[in-house]
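Novice: This is the structure, below, for whatever I ask next.
The values are calculated or read from the model by the stated rules, or taken from the named source; none is laboratory data. All figures in this text were calculated on a predicted structure; none of them were measured in a lab. Quick reminder, even Gly has a Cβ in these numbers, built from the backbone with ideal geometry, and neighbours come from all protein chains shown. Surface accessibility is based on the protein's heavy atoms, side chains included, excluding ligands, DNA and RNA. Shrake-Rupley method; radii C 1.70, N 1.55, O 1.52, S 1.80 Å.
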Amino acid sequence: MRAEVEELINAVTDEADCIDDLIDAIREQREAMSERDIDSVNALMDETRDIFFDTQTHEARRNDLAKKLAAKYSCEPKAGSLASKLENDERAIFNGAVDRLTQSVFVLKGEMLIINGLIDQNEKYTSMLLSEFSRLNGDKISQSGTADFRG
């Protein structure tokens, strides 16, 4: 296998590994939240942030390598274009790595949809609670959920 192709395959695989680590951390964080384990949630938030930055680094490396290889083979820096320029054995391994990365991104998007849904539900529930609290106590609490302490 050519060295530059192997380097790109490794970059794709490294990025998929990072995304898989990010998925695991997000799932653990969601579980810690449901158990109300604040210390774990905070530690996992830090871990998630670190993994996210690592993932961005791997993505930038993958993009750079893809652009260099595309320039060398006079094609687009996209998986399909690059794969068409590879030898059969390289193509099979490359396509496998790309499929794994695609699947990891798909799962991560699903996790993000779950998180967004939970945040939306929490926001609505908090708003309802504040509204009911305000009604019962006669306090002035704005729609944004902040108390009005003016005289």
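Novice: Residue check, Asn10 against (1) under 12 Å from the mean Cα position of the chain (by Cα); (2) at pLDDT 95 or above, all met but one. Which one?
Specialist: (1)
Novice: Restricting to segment 102-119, name every residue that is over 12 Å from Asp20 (Cβ atoms) and open to solvent by less than 40 Å² (accessible area, probe 1.4 Å).
Specialist: Gly110, Gly117
Novice: Which pairs turn up if I take residues in segment 87-114 that are without any contact (Cβ under 8 Å) to a residue 12 or more places away in the chain and look for partners that are open to solvent by less than 90 Å² (accessible area, probe 1.4 Å) and in a helix (DSSP H, G or I) with beta carbon separation below 7 Å, at least 6 apart in sequence or on another chain?
Specialist: Sorted first by the residue in segment 87-114, then by its partner, the pairs are Arg91/Ala83.
Novice: Looking only at segment 65-86, decide whether some residue is among the small types (Gly, Ala, Ser) and touching a Leu at 6+ places or on another chain (Cβ under 8 Å). Walk me through how you get there before you give the answer.
Specialist: First pass over segment 65-86, keeping only residues among the small types (Gly, Ala, Ser): 66, 70-71, 74, 79-81, 83-84.
Those still in the list that are touching a Leu at 6+ places or on another chain (Cβ under 8 Å) too: 66, 70.
Yes, that holds for at least one residue.
Novice: Does segment 60-82 contain at least one residue that is in a loop (DSSP other than H, G, I, E, B), within 16 Å of Glu4 (Cβ to Cβ) and touching a residue at least 60 places away in the same chain (Cβ under 8 Å)?
Specialist: no
Novice: Residue under question is Arg91, and the condition is that it be farther than 30 Å from Glu6 by Cβ and touching a helix residue (DSSP H, G or I) at 6+ places or on another chain (Cβ under 9 Å); does it hold? Talk me through it step by step, then tell me what you get.
Specialist: Values: farther than 30 Å from Glu6 by Cβ: no; touching a helix residue (DSSP H, G or I) at 6+ places or on another chain (Cβ under 9 Å): yes.
No.
Novice: Looking only at segment 63-78, count how many residues are open to solvent by 50 Å² or more (accessible area, probe 1.4 Å) and of a type outside the set (Asp, Glu).
Specialist: Within segment 63-78, residues that are open to solvent by 50 Å² or more (accessible area, probe 1.4 Å) and of a type outside the set (Asp, Glu) number 8.
Novice: Condition test on Ala3, is it surrounded by 15 or more Cβ atoms within 10 Å (Cβ to Cβ) and among the aliphatic types (A, V, I, L, M)?
Specialist: In short, no.
Novice: Turning to a different aspect of this structure: Output the residue which, of all residues in segment 6-51 that are outside any helix (DSSP H, G or I) and of a type outside the set (Lys, Arg), is least open to solvent (accessible area, probe 1.4 Å). Don't jump to the end; show me each part of the working.
Specialist: We begin by selecting, within segment 6-51, every residue outside any helix (DSSP H, G or I); these are 35-37.
Add one more test, that the residue is of a type outside the set (Lys, Arg), and what stays is 35, 37.
Working: Glu35: 120, Asp37: 59 Å².
Out of the qualifying residues, it is Asp37.
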